[in-house]
Each structure stands twice: as structure tokens, then as C-alpha cells.
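**Student:** Sending over a structure as C-alpha cells; questions will come in a sec.
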Amino acid sequence: MAALRRLGRSLLPPGPAAAPGGRRGVRALRRSPVRVLPPQKERRAAAEDRQSPREPSPPPLPAVERSSAGLGLWYEKAAAGDRRLGKVVTIAKSKKFRDHHGKVLLEGHRLIKDALEAGAVLQTLFFSTVGHLKELPEAQLKRANLVKVKFEDIKSWSDLVTPQGLIGIFSKPDHAKLSYPTAQLTSSLPLLLICDNIRDPGNLGTILRSAAGAGCEKVLLTKGCVDPWEPKVLRAGMGAHFRLPIVANLDWESVPSNLPASVQVCVADNKDGGAQAETVPVLRRASGAGSAPGNLKPPVKSKPKAAPEREDEEGVTSACVPELAGQYYYENWTQTPVAVVIGGETHGLSPDALHLAASTGGKRLIIPVVPGVDSLNSAIAAGIVLFEGKRQLLRRHKQEDERQKFPIVG
């Protein structure tokens, strides 16, 4: 055994001298490997990364594919899932969003063309075929963003049965800055319309369309009416928004300032002529907590004296509105100028409308209906009264022209 150990030692290569204590080769094993240092710039960048780690860089935006539509117009093709189409739905359904951002949505070739010709500012136009662009004014399109989308994307949100594939986002139009058609201006009559609590979108749109057809000079919408820029109102209006001034969201105190100085205000009514001398009681809470319709301030200073208040057994105080003389709508009532108030079907005429009519010497225009019928549709009533007013005004103007041509010589 000892011989074998001596033989093994003789076969090993010669090594360094044994360290004190017999630990041979320990110093060599403890040596650290050589450290390779990067250049100075890389060391500084690595130190900065350790101190403030960077956020991952966002993925690059997809390239926008732009194409020419001819006539100097360029458009982009929307990628799948373009978020701008989602904003279209928001604008269409949210009045709060429309008011906050000052934008409205118009759909269809006719409505968009009427808006552009009136001077409304187009921001973004979504279309499904390039042919739609050739039918619109070129100058206005050059200042807007044109985006081509698939027809299925437009159809997915549209309320129309047969969408036209054309949607425009406009800045909310200002009636004072729009240019109305010349034919509309030349046919305008000293006839105004005041809408009082018209809350149904279809009714308001139809009323606006009738006002434009009758040649009204202006339409005033009081607070409580539906937003005229709601899609259903726009569709029912058939372009009336861009044919005559529409002043919306007015309180009754500011209505007189939007009327001519010598205007006479009349109200449409369906009560029988025999009841025209009756007064209409308006109820409000005696506690004064909250303001009911009958407790509003009069719109003008020269309010006729109303009947005294009376309190019943239930603690409810009734205040009588002014008495207005009534006549049938087909009798002569047109003065130059004249304004007609149309009330909503649910709440009818407000006390403020009656006070305003009384202060201007106005009347109740009675539309007789068969007994048992509560009321007419507000849009139908507006059409009846407005076109009768147009007939009377045109007849009066014709008579005045004849007197000027053939003066009576005394």
C-alpha cells in the first residue's frame, strides 16, 4: 500500500510549493476572474437605467393609408376597430357630450349638403364610397378630415332602415352665422313661432319643417323643449335647421328680446269658443318649496293683473292666469308682425306663455275639434295655425300692393 502511494505521487505533475499548514493550491483557487469593462458611455447608460428604469416604448402607430378622391381631395382609409366611429355613437346619443364639446352629428346626403351650403363647419366626414364626395361642395370638404369606412360599420350603429353611408361631425351651428337659402329669405313672412315644452323629438322636427314651409321668420324654443340637434329631430326636420333661424334653450324672461318690438303674441288652443272667457287655474304648493310652472316670474313687466290667490282646504293655493280673448283660427288675427305659441301635448301652454300673450294684446286661436277629443297633435296644430297665418299675411300684402297701384282718389 505504501508503495502504491509513492507511485501516485511520482505520476502527478510538479506543483507549487505547499502553503504553510499543508494547503497546497488554495491561493490559486481563490483568485477572481478577470472583469471586462464596457466603454464609458455604456457604463453611464447602465447606471442611469438602474436609477430610473424607463417605461416600455409604445408600439409604433400603423401607417395611415391615404388615397386621392380626385378634385384635389384626399382621404384616409380607417383601419379595423377605428375608435373614431365609436365617438360618432356618443355624439348621436348624448346631449351632454354635444353641449360640452360643441359638436353635432348629421347623417345623409341631403342634410349634410344643406349644412355645408349654409356655412356649417364640417370637422370629420365618414363615407362608404368615393362617389358620395362628388355630390358635396368641394371647398368645404377640403377643410375637413375625410375617412373612408366600410358600409357595415356605419350600418351597425345607424337608426335608419336604409343608411346612406354618409356621416358628418360638425361644429355646433350658430344660427347668427349661418347663411340661409335665398329662396327662403325672399319668401319669409313676419310670422314667428314659439315652442313651449315640446318634448317629443318627432313632433319638434315636424313643427320645424312646417315653420320652414310656411315661411316663418324665426323659431324660438323655450327651456323644456327637446334638443333640436337630437338625431330624431334632425331627421324629422328634413333640413329645416338650415333654412330658418332656430334659437334654443330660452327662458321666458329672454323671449321678448328675441321678438320684434311691435309683435303680437297669440297662443294656439283647442278649447271651444264658448269657453273662451274662462280662466285657467294653476296650482302650486303653498309652502314655496320648489317652483312649479305656475310660480314662474312673468316674462315682461306689463303683465295684466291676475285674479287674487285662493287657498283651498288642502293647503293648495290657486293663482289665475290672465284672461285672453278667444277666436277661431280662421278668423282674421294676423298683425304685422305676429308670433304664435304652440304648447306640448303633455303639459300644454305654460302660464308664462299666457302672460306674454296678454302683455302684447294677443288672443287664443281656437282650433275646434269634435267633442270628446282631448287635443290635437302639437305638430298638426302648428301646421294648421302657421299656414292659416301665411294665407292671411299673403292676402293682406296683396291688398296693400293693390291699394298702392290703384289709389282711391277722393
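**Student:** Which one of 80, 120, 115 is assigned to a loop (DSSP other than H, G, I, E, B), modelled with pLDDT of 85 or more and in the same structural domain as residue 139 (by the TED database)?
**Tutor:** None of the other options fit; the residue is 120.
**Student:** Considering each residue of segment 147-160, count those that are buried (at least 18 other Cβ atoms within 10 Å of the Cβ) and under 16 Å from residue 77 (Cβ atoms), and give that number.
**Tutor:** Adding up the residues that qualify gives 5.
**Student:** Name the residue that is least open to solvent (accessible area, probe 1.4 Å), counting only residues in segment 181-195 that are assigned to a loop (DSSP other than H, G, I, E, B) and small (Gly, Ala, Ser).
**Tutor:** Ranking the candidates gives 188 first.
**Student:** Turning to a different aspect of this structure: Scan segment 245-280 for residues that are at pLDDT below 75 and outside any loop (DSSP other than H, G, I, E, B) and jot them down.
**Tutor:** Those that are at pLDDT below 75 and outside any loop (DSSP other than H, G, I, E, B): 273, 274, 275.
**Student:** Still on this model: Any residue in segment 345-360 that's open to solvent by less than 40 Å² (accessible area, probe 1.4 Å): show its pairings with residues that are among the β-branched types (Val, Ile, Thr) and at pLDDT below 95 at Cβ separation under 6 Å, as long as the two are six or more apart or on different chains.
**Tutor:** 351/282; 351/321; 354/321; 359/300
**Student:** Tally time: how many residues in segment 240-265 are over 27 Å from residue 329 (Cβ atoms) and open to solvent by less than 40 Å² (accessible area, probe 1.4 Å)?
**Tutor:** Residues that pass the stated criteria total 2.
**Student:** Another question about this same structure. Looking at this structure, is residue 186 hydroxyl-bearing (Ser, Thr, Tyr) and either at pLDDT below 95 or in contact with a Lys or Arg (Cβ under 8 Å, 6 or more places away or on another chain) (or both)?
**Tutor:** yes
**Student:** Among (1) in contact (Cβ under 8 Å) with a residue 60 or more places away in the chain; (2) outside the structural domain of residue 124 (by the TED database), where does residue 168 come up short?
**Tutor:** (2)
**Student:** If you don't mind, another one. Please go through segment 161-180 and pick out each residue that is open to solvent by 50 Å² or more (accessible area, probe 1.4 Å) and farther than 12 Å from residue 111 by Cα.
**Tutor:** 161, 162, 172, 174, 175, 176, 177, 179
**Student:** Turning to a different aspect of this structure: Does residue 198 qualify as being in contact with a Cys (Cβ under 7 Å, 6 or more places away or on another chain), open to solvent by less than 20 Å² (accessible area, probe 1.4 Å) and among the β-branched types (Val, Ile, Thr)?
**Tutor:** Yes; evaluated as a whole, the condition is true for this residue.
**Student:** Moving to a separate point now. Yes or no: residue 134 outside any strand (DSSP E or B) and either surrounded by 15 or more Cβ atoms within 10 Å (Cβ to Cβ) or over 20 Å from the mean Cα position of the chain (by Cα) (or both)?
**Tutor:** So residue 134 fits the description; yes.
**Student:** Give the number of residues within segment 376-406 that are more than 21 Å from residue 262 (Cα to Cα) and either in contact with a Phe, Trp or Tyr (Cβ under 8 Å, 6 or more places away or on another chain) or open to solvent by less than 60 Å² (accessible area, probe 1.4 Å) (or both).
**Tutor:** Counting residues in segment 376-406 that are more than 21 Å from residue 262 (Cα to Cα) and either in contact with a Phe, Trp or Tyr (Cβ under 8 Å, 6 or more places away or on another chain) or open to solvent by less than 60 Å² (accessible area, probe 1.4 Å) (or both) gives 8.
**Student:** Output the number of residues of segment 361-375 satisfying the condition of being open to solvent by less than 40 Å² (accessible area, probe 1.4 Å) and in a loop (DSSP other than H, G, I, E, B).
**Tutor:** 2
The values are calculated or read from the model by the stated rules, or taken from the named source; none is laboratory data. From a predicted model like this one, the values you see are computed outputs, not experimental measurements. Glycine also receives a Cβ, built like all others from the backbone with ideal geometry; neighbour counts cover every protein chain displayed. Note: accessible area is taken over every heavy atom of the protein model, side chains too, but ligands, DNA and RNA are not part of it. Shrake-Rupley method; radii C 1.70, N 1.55, O 1.52, S 1.80 Å.
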